[in-house]
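To start, the structure under review is shown below, and the notes come after it.
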Amino acid sequence: MSCIVLVGGLIGCGKSTLVNFFFDNQNELFEDSFTNDGRINESKKSKQNRTYKILFDELCSIKEQAELMKTLKGWRNFRVDLLMAAEYFISSSSDLECQITGPLSERCQNLLNQLQKLNNPISASARGIFFVEDNFYYRSMRYEWFQIARRNNIGFCEVFVQCPLNMAIYRNSTRGYNIPEQKIKMMLTCMEYPNSVKYKWEKYSLVFDSSSELNCSTLECETGGKKCISFNTNSQVDRRSCR
């Protein structure tokens, strides 16, 4: 079964690095479809995991984001188009019938084309793992993706990346572009971390400390990230967990 994995956290905390690590080490992290020598077990080939990336910054440049954020309506409309494009992409890549009806807007179609290009080649898999990376500091942002998982009866989990504020600010300053320090501090005060006690749909959530070096051992020992994602490729979203 396919699974949506939200990767959220503060700017500069290492979200993209974590997603790319999952992507680059998928054979070792999700090795249930492989034999001991690394070759694909033919009897399990149809169940092989296939990872996909939906990275916000790759779909909308910093310049475009700044323009969109000038008006609340423009920003919301973009997110609606992105969610619709992503649902089409996830459904088709998982060999599922899309639950959305009606034509796509021009921007939505362009976003869908970008997703297909970024994840080329596309091959439908019943065990697609879709890593969705954004800040996701408001719970409502994450709930929209949970609804996509629920409509399509696929797994859903969250990985929140965190590090000390001064480290996030430093990492941000070393990138080709950087976000104002004040905005990072403001975002931290607004951050709504997963709460599985109060919100049942956030049951499969974990927090990952990106302060140390990233490798397969630390990922599994410190967070249980592999288990969290692997479980959700074998479990449907509980339709009762909608609040």
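Just the residues that are on the phi < 0 side of the Ramachandran plot and either in contact with a Ser or Thr (Cβ under 9 Å, 6 or more places away or on another chain) or in contact (Cβ under 8 Å) with a residue 40 or more places away in the chain (or both), please, taken from region 90-111.
Ile90, Ser91, Ser93, Ser94, Leu96, Glu97, Cys98, Gln99, Ile100, Leu111
Between a residue in region 135-148 that is more than 11 Å from Met187 (Cβ to Cβ) and any residue that is in a loop (DSSP other than H, G, I, E, B) and among the aromatic types (Phe, Trp, Tyr), which pairs come within a Cβ distance under 8 Å, given they are 6 or more apart or on different chains?
The qualifying pairs are Arg139/Tyr199; Arg142/Phe136.
How do the pairs read when you match residues in region 62-74 that are in a loop (DSSP other than H, G, I, E, B) with residues anywhere that are surrounded by 12 or more Cβ atoms within 10 Å (Cβ to Cβ) and at pLDDT 75 or above, using Cβ under 7 Å and keeping only pairs 6 or more apart or on different chains?
Met69/Trp75
Which condition from (1) in contact with a Phe, Trp or Tyr (Cβ under 9 Å, 6 or more places away or on another chain); (2) assigned to a loop (DSSP other than H, G, I, E, B); (3) not β-branched (Val, Ile, Thr) is the one that Phe146 breaks?
Just one mismatch for Phe146, condition (2).
Identify the single condition in (1) of a type in the set (A, V, I, L, M, F, W, C); (2) surrounded by fewer than 22 Cβ atoms within 10 Å (Cβ to Cβ); (3) not in a loop (DSSP other than H, G, I, E, B) that Ala86 does not satisfy, given that it satisfies every other one.
Against the list (1) of a type in the set (A, V, I, L, M, F, W, C); (2) surrounded by fewer than 22 Cβ atoms within 10 Å (Cβ to Cβ); (3) not in a loop (DSSP other than H, G, I, E, B), Ala86 comes up short only on (2).
Given Glu144, Glu158, which one is buried (at least 22 other Cβ atoms within 10 Å of the Cβ), under 22 Å from Cys13 (Cβ atoms), in contact with a Lys or Arg (Cβ under 9 Å, 6 or more places away or on another chain) and acidic (Asp, Glu)?
Of Glu144, Glu158, the one residue that is buried (at least 22 other Cβ atoms within 10 Å of the Cβ), under 22 Å from Cys13 (Cβ atoms), in contact with a Lys or Arg (Cβ under 9 Å, 6 or more places away or on another chain) and acidic (Asp, Glu) is Glu158.
Filter region 112-136 down to the residues that are assigned to a loop (DSSP other than H, G, I, E, B), surrounded by fewer than 15 Cβ atoms within 10 Å (Cβ to Cβ) and modelled with pLDDT of 75 or more and list them by number.
Asn120, the sole residue that qualifies.
In region 161-177, what residues are within 22 Å of the chain's Cα centre (by Cα) and crowded, with 16+ Cβ neighbours inside 10 Å?
Val161, Gln162, Cys163, Ala168, Arg171, Asn172
How many residues does region 142-155 hold that are among the hydrophobic types (A, V, I, L, M, F, W, C), at pLDDT 95 or above and more than 10 Å from the chain's Cα centre (by Cα)?
Summing the residues that are among the hydrophobic types (A, V, I, L, M, F, W, C), at pLDDT 95 or above and more than 10 Å from the chain's Cα centre (by Cα) in region 142-155 gives 3.
Checking Gln99 against (1) within 22 Å of Val5 (Cα to Cα); (2) at pLDDT 85 or above; (3) of a type outside the set (Ser, Thr, Tyr), only one condition comes out false. Which one?
So Gln99 meets the others, but not (2).
Let's see how each residue does on (1) in contact with a Leu (Cβ under 7 Å, 6 or more places away or on another chain); (2) part of a loop (DSSP other than H, G, I, E, B); (3) more than 26 Å from Gly128 (Cα to Cα):
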site: Val159; (1), (2), (3): yes, no, no
site: Asn166; (1), (2), (3): no, no, yes
site: Asn172; (1), (2), (3): no, no, yes
site: Asn178; (1), (2), (3): no, yes, yes
site: Gln182; (1), (2), (3): no, no, yes
site: Leu188; (1), (2), (3): yes, no, yes
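Listed here are the residues, each with its yes/no results for (1) out of contact with any strand residue (DSSP E or B) (no Cβ under 9 Å at 6 or more places or on another chain); (2) farther than 24 Å from Asp24 by Cα; (3) of a type in the set (Asp, Glu).
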| site | (1), (2), (3) |
| --- | --- |
| Ile62 | yes, yes, no |
| Glu67 | yes, yes, yes |
| Arg76 | yes, yes, no |
| Ala86 | no, no, no |
| Ile90 | no, no, no |
| Asn120 | yes, no, no |
| Ile129 | no, no, no |
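Please find, within region 24-46, the residue that is modelled with the lowest pLDDT out of those that are assigned to a helix (DSSP H, G or I) and touching a Ser or Thr at 6+ places or on another chain (Cβ under 6 Å).
Step by step, filter region 24-46, then rank; the result is Lys44.
The values are calculated or read from the model by the stated rules, or taken from the named source; none is laboratory data. Treat the numbers as computed from the prediction; the structure is a model and nothing was measured. Every residue, glycine as well, gets a Cβ built from its backbone with ideal geometry; the counts of neighbours run over all protein chains shown.
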